[in-house]
Structure formats: structure tokens, C-alpha cells
Amino acid sequence: MTSPESQSPAPQPPEPESKDRVYRSVPAIAGGVLLLAIAGWLGIDAIVSGEGRTPWMALAVLILIVPLVAAFTLRPAVYAGDDRLRIRNPFRVVVVPWGQVASLKSAYSNEVITESGAKYQLWAVPVSLRARKKAARRELRATAQARREMGRDEGRGSALGMRAGLGGLGSGHGQGLGGGPAADGPVRAETDRIMDELRGLHEARHQAETAQGEVTVRWAYEVMGPAVAGALLVLILVVVG
């Protein structure tokens, strides 16, 4: 009899990698698509039906403005993972491990500050003072409404207590009186809520072993190259013309 051959254990499937949280500005994307559509319509019309230097000038202007519009509207994004924060701004991509993040600042712009003191703006999470004022007004209205409801509950509780005492019921308390509805937290603007999420992720992961490393910065030559070429072509056409 032959002994059964020992079988090697089946390889374990790799653990699924956590997906990054992606933050982008929807109004900026919508505005960028609209601007690109208008620029393409006018530019193509000038190229097709223009005369003399007009088609060449229209082509040069398109080469100049299309990358810039896309860079400032469609390109910006913030990717927040368990180990690092990746910031894609118009002209560069910055990767900051959570261990290198000192703080996340939110004033007139949202910024990440590294341990070395460098600041990087989060273009995809713009600050809206109008949204902050609107959220503050909503918070004031919600607070006033909660106080009015609490006052009505206390008034009903006092009336029930008086009737219970006069009637000799002996209970003396109503169920749930004076408790009021559970608070859902303060009303915050959308970008401020995003910054709160990033701060929470930073606090949870900044000491993790896999969240350490160096800050890397890569310039977006794929954006700057066509824009510079378009600018040079426009300059040449203006000088020659």
C-alpha cells in the first residue's frame, strides 16, 4: 500500500484592499464641462469657417485653455485611504502619509499641514462662506425649534403632574417628559463635514505602522506641457501677425 501524498495547503485569497474615499467638487465639474463645451463649440466653428490666421489662432487658443480649464475644474480630487492622503491639484499630485500629517486646517481654504510645516491646499474641497452662513442659520433655527419643543414638553409635564397629584394617582411622572428629540449634531456645511471626516481618519490612522513614510510631490507635466505649447503658439501668431 502506498501512503497518500501530502497535499500543500491551498493558498489563502488576498485580503481585499480598502477603497479610497474620493472627494470632488460637483459644481466645479459641472462648470468645467460647460466651459469646455462652449470653448469647443466656438473653437471648432472658428477652425472650420474662419479665414486667414483665424483657424490657427483658434487652434492655439484651444490648446492653451482646454488643459487649463480641465486642470482647475475636472482634475482636482482628494483620495483618502487608510494609509495616506493623495491630493490631486491642478498642477501637481501630493501624497501625504497620515503619519506625516500634522493638522488639517479649514479657514478661507482647506489645507493639510505636514510635520515639516509644508502646506498643501485641497482644491477639490473648496470653502464656501455662503454655505457656512446657510448652515449657521439652519443651526440657529434648529436650536430655537428644539427649545420651543422642550418648553412645550415641560409645560405638558407640569400640567400632567398637577392633575396626577390632585387625582391621587401617585405616579407623579410622565414617561419621556422633558427628554425631547435626540440631537443629530450641529448643522455643518458640506466641505466642513468632509474636513471632519478627514480629521477623524487622521486621528484613527496617524500612528499606524503602514501609514508612515515620506511626502511625495509630482508635477503634472501632462497639463503644463500642452498649456505652455498653446501659449507659445498664440505668442508666435500674435508677433508674426
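The values are calculated or read from the model by the stated rules, or taken from the named source; none is laboratory data. Worth saying up front: this structure is predicted, and the values here are computed from it rather than measured. A quick note on method: Cβ atoms are made from the backbone with ideal geometry, for glycine too, and the neighbour counts reach across all protein chains shown. Calculation scope for accessible area: heavy atoms of the full protein, side chains included, ligands and nucleic acids excluded. Shrake-Rupley method; radii C 1.70, N 1.55, O 1.52, S 1.80 Å.
Annotations for the structure displayed:
- Around VAL22: net Lys/Arg minus Asp/Glu count, Cβ-Cβ under 11 Å: +4
- The overall shape of the stretch 190-241 is oblate: from the C-alpha gyration tensor, with semi-axes ordered a ≥ b ≥ c, the ratio a/c is 1.5 or greater and a/b is no larger than b/c.
- Across the alpha-carbon set of the stretch 17-121, the Rg to Rh ratio works out to 1.16, Rh being the Kirkwood radius.
- What separates the Cα centres of the stretch 19-65 and the stretch 112-128 is a distance of 28 Å.
- The stretch 101-109 - phi-based ³J(HN,Hα) in whole Hz, Karplus 6.51/-1.76/1.60, Gly and Pro as x: 7, 8, 6, 10, 9, 9, 10, 7, 8
- The accessible-area ordering, largest first, of the residues ILE236, ILE87 stands as ILE236, ILE87, per a 1.4 angstrom probe.
- Cα extents of the stretch 45-100 along the three principal axes, largest first (Å): 59, 14, 10
- Accessible area per residue for the stretch 54-97 is 36 Å², calculated with a 1.4 Å probe on protein heavy atoms, without ligands, DNA or RNA.
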